[in-house]
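The values are calculated or read from the model by the stated rules, or taken from the named source; none is laboratory data. These figures come from a predicted structure and were not determined experimentally. Because the Cβ atoms are built from the backbone with ideal geometry, glycine has one as well, and the counts that use them run over all protein chains shown. Note: areas computed on protein heavy atoms with side chains; ligands, DNA, RNA excluded. Shrake-Rupley method; radii C 1.70, N 1.55, O 1.52, S 1.80 Å.
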Amino acid sequence: MRTRVYHHTGKKERQLEKTPLVVVSRFNIFSEVYPHLATAEWDHKRAQAFKKYLLPSLTRQRIKPDAFYFLIDEDIRTPVSQLLEDLKHIPWVKPIVIPRSLGFTRFGKAVHTAIETEFPNRNGLICVRVDSDDALNTHFFNTLEACIQDHILSIDTVPRISFIHFPYGLIKDSETYRVYVEHQTAFISSYTHGNGRVDTCCSYAHDRMSDAGPVLEIATEVPMWLYVRHGDNIGLVHPYRFPISGPFHEVASLFGLQEATSPEVHSLKPINGGSTS
């Protein structure tokens, strides 16, 4: 594991040619461990959180992704069908129906098939996995791309797959935030070199990626991701890990959430030169 420090860039254009940038989010894939969550009520709560947090942070990135694979249960209930209708105006949103036979963890095969079909001619591949109820810093994608170019592609022998991680993030707990530094979050991304077999962070548990390739940790000036806490979804929280905290509205703009008080998708407007079409 190598650690580097990266200073933010304001670039609004892609830096790596023929290198698709794809985002993957499990929305309501059926889980054998939690079958009771496969309900319209749960889907509605997920949709509200998605529209409030992740979607604004994606549409307000400095650069937009080539594809956002939005993974849904094969039993498409009313809240999901309504959400998919709302998302039709964003061309890079690509819903993928996941059969229950794949289970909760084996969705990587479906994602890789979609990538191979949509991007057959590529020099490399960037994959970002994020939960649908969390958010990314609006500089996440261009910072990730710059780090790949500066720290991975600059070496003599580029590994077939490398993982990139920003350990500095935040937890949102009600209307407050706390600084959170974590070395094994779900926000670890991947870069696959060349045009061979598709292999991404979707094939590995976030705490086992170092078994597949090198992990590059990037220290940043500002938090790069946001965990939204509700119930016990984050697990035990240790107070000693939070040297800084404060009102969430003070940092909401880092994630494109300063205008995201309404859950309505059509009310979202890109900032910083971004585009939703």
- Query: Across the stretch 183-233, what is the total count of residues that are at positive phi and touching a helix residue (DSSP H, G or I) at 6+ places or on another chain (Cβ under 9 Å)?
  - Reply: 0
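Would you mind listing the helices (runs of 4 or more DSSP H) fully within the stretch 27-98 where at least 3 residues are open to solvent by less than 10 Å² (accessible area, probe 1.4 Å)?
Details: elements: 40-49, 55-59, 78-86.
Of the helices (runs of 4 or more DSSP H) lying wholly inside the stretch 27-98, those with at least 3 residues that are open to solvent by less than 10 Å² (accessible area, probe 1.4 Å) span 55-59.
Between Val228, Val237, Val222, which is over 25 Å from Ala110 (Cα atoms), part of a loop (DSSP other than H, G, I, E, B), modelled with pLDDT of 75 or more and aliphatic (A, V, I, L, M)? I'd like the intermediate steps shown before the answer.
Details: Val228 fails: part of a loop (DSSP other than H, G, I, E, B); Val237 fails: modelled with pLDDT of 75 or more.
Exactly one of Val228, Val237, Val222 is over 25 Å from Ala110 (Cα atoms), part of a loop (DSSP other than H, G, I, E, B), modelled with pLDDT of 75 or more and aliphatic (A, V, I, L, M), namely Val222.
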- Query: Scanning for something in contact with a His (Cβ under 9 Å, 6 or more places away or on another chain) and open to solvent by less than 10 Å² (accessible area, probe 1.4 Å), does the stretch 114-122 turn up at least one residue?
  - Reply: no
- Message: Anything in the stretch 69-125 that is aliphatic (A, V, I, L, M) and within 13 Å of Cys202 (Cα to Cα)? List them, or say none.
- Response: Leu71, Ala110, Val111, Ala114, Ile115, Leu125
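Please verify whether Leu125 is open to solvent by less than 10 Å² (accessible area, probe 1.4 Å), at pLDDT 95 or above and of a type in the set (A, V, I, L, M, F, W, C), treating the condition exactly as stated.
Values: open to solvent by less than 10 Å² (accessible area, probe 1.4 Å): yes; at pLDDT 95 or above: yes; of a type in the set (A, V, I, L, M, F, W, C): yes.
Judged against the criteria, Leu125 is a match.
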